[in-house]
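Q: Take this structure, written in C-alpha cells, and hold onto it; I'll ask about it next.
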C-alpha cells in the first residue's frame, strides 16, 4: 500500500505510511478557529482522516449575526493521506508549522472562503491525553496547539468579509492518535459506567502575549490532565506554574459557564490572574463533534456534502449541542500590569463534577 506520502521522510514504523497499526479508531486531524478582535464574528474548520476506516471528512462553520452556518463533507479516503481535500473543503500546509490555508469552494450554501493562517508563536506540544473506560483504552492522543493571525476573505451571499491579520486572530491544533470515531462500539464495556468528561480549553490572545490553558477534571474536580503556557512577543515563555486554581460560575439551570476565574502561580511566587467572560456560544456539532448524522468518521458514501444552520439565540443545551466554543472577553492581571484580551473557551461537561454540583449525566442544578 505505497502512497505519495512514502516519498517523504515521515515514517514511524517499518511499514508504509498508510499503515497505522491495528486500532480502528486511529485519526489524524486539523482544527482551526478564527475570530475578530472586536466584532462577534467567528469561523472554524476541521479536516480529519481515519486510515483504518478509509474515510476523510471535513467541516467549516461561520457564526455571524446570530446564525451559525455549517458546511459538511465526507468522502472515501482511498489511502492517499496527502490529498487533504474533501468536496468543497481543502486544507493545505504552505509552510510546515508556519503557514496553512483553508479554502471553501462553491457548495450547497452561499458561502465560500479563501483563508491563510500565519503563526504568531511557535507551536506548543500539550501533554498526551490518555483515557480509559475500565481496562479499555478509549483515548490516546498527541496534540500541538498554535496561536496565529488570519488573512483572506469569506464570501456570504454577495457580501465579502475581508479578513485582515491585524483584526483576525485564532488558534489551530493538530492532533492524532486514538479516540472514539465512526460507528459505535458493538460490544460496550461491562458493567456500565456513567460517562464522565469535564473539559475546559482556553486559548487567548493579548496585544503583547498569548496564553493557552486547559483542564480535564475527574468527578471530584481534580485535574487529571492540565496545561498552561504564556508566550511573549519577545520569545520568552512561562510554563513552570506550581499551582493552578480555578473558580467557575454557571448560568442558572445550565452547564454553560457564566465566568471563569483562573489563578496561576510560578515558582518565583509570580501570580497571573485571569477573568474569562463568555459572550457568544458556537455549537461544536457544526464541526461534527457529537453530531448524530455527521459525526467524525461516519461513512456517508463515496462523496457527500451537506449544509445547515443553527440559531445562536436558541441553546438546546442537550446532545448534540452540549459541546461549545464561546467567544470571550478576557482580563489578565500579571505581576506588572493588567491586560485585555480576546479568546475562546471550549466547554464540554458530561456526568458528575462535584465542585460544580453536577451529579448525573446531564443534570443542571
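Q: Taking square-rooted eigenvalues a ≥ b ≥ c of the alpha carbon gyration tensor, is the stretch 4-144 rounded, prolate or oblate, where a/c under 1.5 means rounded and, failing that, a/b exceeding b/c means prolate?
A: In terms of gyration-tensor shape, prolate.
Q: Based on alpha-carbon centroids, what's the gap between the stretch 128-169 and the stretch 201-229 in Å, whole number please?
A: Centre-to-centre (Cα) distance: 16 Å.
Q: Taking a ≥ b ≥ c as the square roots of the eigenvalues of the Cα gyration tensor of the stretch 37-120, is the shape rounded (a/c under 1.5), prolate (a/b larger than b/c) or oblate?
A: Taking the square roots of the gyration eigenvalues as a ≥ b ≥ c, the stretch 37-120 is oblate.
Q: Let's test the formula: R0 of 56 Å, r as the Cβ-Cβ distance of residue 263 and residue 302. What FRET efficiency results, to the nearest 0.05? The partial results should precede the final answer.
A: Details: r = 52 Å, r/R0 = 0.93.
Efficiency computed from Cβ-Cβ geometry: 0.60.
Q: Then there's this: Quick one: order 312, 94 by neighbouring beta-carbon count within 10 Å, fewest to most.
A: The order, fewest Cβ neighbours first, is 94, 312.
Q: At a 10 Å Cβ-Cβ cut-off, how would you order 265, 4, fewest neighbours first?
A: The order, fewest Cβ neighbours first, is 4, 265.
Q: Right, here's the next one. Once you have a ≥ b ≥ c as the square roots of the Cα gyration tensor eigenvalues for the stretch 315-359, tell me rounded if a/c is under 1.5, and otherwise prolate or oblate according to whether a/b is larger than b/c.
A: oblate
Q: Residues in the stretch 220-251, backbone N under 18 Å from the label point at residue 275 (7 Å along the Cα-to-beta-carbon vector): list them, ranges by number please.
A: Hits in the stretch 220-251 for residue 275 at 18 Å: 245-251.
Q: Shifting gears a bit: Work out, step by step, the length gained on full extension between residue 138 and residue 114: first 0.36 nm times the residue separation, then minus their alpha carbon distance; give nm to one decimal.
A: Here the segment from residue 138 to residue 114 would lengthen by 5.1 nm.
Q: Turning to a different aspect of this structure: How long is the gain from residue 220 to residue 98 if the chain were fully straight, where each residue apart is worth 0.36 nm and the alpha carbon distance is subtracted? Walk me through the intermediate numbers first.
A: Details: separation 122, 0.36 × 122 = 43.92 nm, distance 3.97 nm.
Using 0.36 nm per residue and subtracting the Cα-Cα distance, I get 40.0 nm.
Q: Scattering from the C-alpha atoms of the stretch 167-244 alone, worked out with Debye: what is log10 I(q)/I(0) at q = 0.16, 0.21, 0.22, 0.24 1/Å?
A: -0.84, -1.13, -1.18, -1.27
Q: OK, next. What are the equivalent ellipsoid semi-axes of the stretch 136-191, built from the alpha-carbon gyration tensor (square roots of five times its eigenvalues), in whole angstrom, biggest first?
A: Rounded to whole Å, the semi-axes are 39, 17, 7.
Q: Where does each of 199, 294 land when they are ranked from fewest to most other beta-carbon atoms within 10 angstrom?
A: Ranking 199, 294 by Cβ neighbours within 10 Å, fewest first, gives 199, 294.
Computed from the coordinates by the stated procedures, all read-outs in this text should not be read as laboratory data. Just so it is clear, the model here is predicted, and its values are computed rather than measured. Cβ sites come from the backbone with ideal geometry, for glycine too, and all protein chains shown count toward neighbours.
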